[in-house]
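Trainee: Structure provided below as structure tokens; questions to follow.
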Amino acid sequence: EDQVTQSPEALRLQEGESSSLNCSYTVSGLRGLFWYRQDPGKGPEFLFTLYSAGEEKEKERLKATLTKKESFLHITAPKPEDSATYLCAVEFLLGGADGLTFGKGTHLIIQP
Amino acid sequence: GAGVSQSPSNKVTEKGKDVELRCDPISGHTALYWYRQRLGQGLEFLIYFQGNSAPDKSGLPSDRFSAERTGESVSTLTIQRTQQEDSAVYLCASSSPSGTDTQYFGPGTRLTVL
């Protein structure tokens, strides 16, 4: 069964303390992998799309990378405003539903 | 520019009642998706509309759930005879046919079934 697993479930960092969030997936064919940020009471906000192994994308303090079995979201020198739940989602290449398959998310807290 | 909008933002209903949730996609977006997010769970795909094609209903959890879309505009998700397990945030997303599959989400409707 195709699955998306995110780790850790929760992460607490000090401001400026860099770290990485993991998204591993078991799919028969990957069309795209998406990262979203979700703040409490709001809908997910799009961050990145990755399509092929070796691809990297950056935005401010965030960098997303992709391998054949997992993706990492690297957060460099985070600030308190980076606190949110980060969601990873996968789109299948063939078969399955047309929607995205989401992981449960990593709840990130950045302490000042 | 305007993003995806949803209404109502919150809905409290009694078990057994029917509810309708509304989604206005980004103008020009031909694809529209509904997802459900239950507490502590990941987003679950419910249904997908693309233009005038037949919708992909493979994610609907039961026949109490249905959705309609008028052309490439507004969509309504209807839940009949609501149950307590239907309590969740219902999220709508839309995407453009311009070459990227990126889905842009609305703020969601929080449904509470008492």
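Trainee: Return a whole-number percent for the relative contact order of the stretch A:45-112, with Cα pairs under 8 Å and 6 or more residues apart as the contact set.
Mentor: 23 percent
Trainee: Would you kindly derive the ³J(HN,Hα) couplings of the stretch B:53-58 from the backbone phi angles with the Karplus curve 6.51 cos²θ - 1.76 cosθ + 1.60 (θ = phi - 60°), listing them in order in whole Hz, with x for Gly and Pro?
Mentor: Coupling constants for the stretch B:53-58: 6, 4, x, 8, 9, 5 Hz.
Trainee: Using Stokes-Einstein with the Kirkwood hydrodynamic radius over Cα pairs, what translational diffusion coefficient do you get for chain A at 10 °C and a viscosity of 1.306 mPa s, in µm²/s rounded to a whole number?
Mentor: 113 µm²/s
Trainee: Could I ask something else about it? Tell me the per residue accessible area of chain B using a 1.4 Å probe; a whole number in Å² is fine.
Mentor: For chain B, the per-residue accessible area is 48 Å².
Trainee: Additional query: Using a Förster distance of 30 Å, how high is the FRET efficiency between residue B:14 and residue A:9, based on the Cβ-Cβ distance and rounded to 0.05?
Mentor: 0.35
Trainee: Now for a different question. Pull up all non-local amide H partners of residue B:87: gap of 5 or more, or a different chain, and H-to-H distance under 5 Å with H placed in the peptide plane.
Mentor: Correct list: B:113.
Trainee: Report P(r) for the stretch A:30-91: all Cα-Cα distances, bin width 10 Å, range 0 to the bin holding the largest distance, values in whole percent.
Mentor: 22, 54, 22, 2
Trainee: Leaving out ligands, DNA and RNA, what percent of the accessible area of the stretch A:44-112 is carbon and sulfur, probe 1.4 Å?
Mentor: 54 percent
Trainee: Next question, about the same structure. Once phi is turned into θ = phi - 60°, what whole-Hz ³J(HN,Hα) does the Karplus curve with 6.51, -1.76 and 1.60 give for every residue of the stretch A:68-80, x standing for Gly and Pro?
Mentor: Residue by residue, the stretch A:68-80 yields 6, 10, 7, 10, 10, 10, 8, 10, 9, 6, x, 10, x Hz.
Trainee: Below 8 Å between Cα atoms, with a sequence gap of 6+, how large is the relative contact order for the stretch B:18-114 in percent?
Mentor: The value is 33 percent.
Trainee: Whole-Å semi-axes of the protein assembly as shown's equivalent ellipsoid, largest first, each the root of 5 times a Cα gyration tensor eigenvalue?
Mentor: That gives 29, 21, 16 Å for the three semi-axes.
Trainee: Report, by chain and number, residues whose modeled amide H sits under 5 Å from the one on residue B:5, excluding near sequence neighbours (fewer than 5 apart, same chain).
Mentor: Those qualifying (amide H under 5 Å, at least 5 residues apart or on another chain) are B:24.
Trainee: Return the residues of the stretch B:1-45 for which accessible area with all protein chains present is lower than in the chain on its own by 50 Å² or more; set the probe to 1.4 Å and exclude ligands, DNA and RNA.
Mentor: Correct list: B:43.
Trainee: If I model chain B as equal point scatterers sitting on the Cα atoms and use the Debye formula, what is log10 I(q)/I(0) at q = 0.17, 0.21 Å⁻¹?
Mentor: -0.76, -1.14
Trainee: Residue-wise, which Karplus ³J(HN,Hα) couplings in Hz belong to the stretch B:73-86, taking 6.51 cos²θ - 1.76 cosθ + 1.60, θ = phi - 60°, and x for glycine or proline?
Mentor: Taking θ as phi minus 60°, the curve returns 10, 4, 10, 10, 9, 10, 10, 8, 6, 4, 10, 4, 6, 7 Hz for the stretch B:73-86.
The values are calculated or read from the model by the stated rules, or taken from the named source; none is laboratory data. Remember, it's a predicted structure, so these values are computed and weren't measured experimentally. Note that we place each Cβ from the backbone using ideal geometry, even for glycine, and neighbour counts take in every protein chain shown. Please note that ligands, DNA and RNA were not included when accessible areas were found on the heavy atoms of the full protein model with its side chains. Shrake-Rupley method; radii C 1.70, N 1.55, O 1.52, S 1.80 Å.
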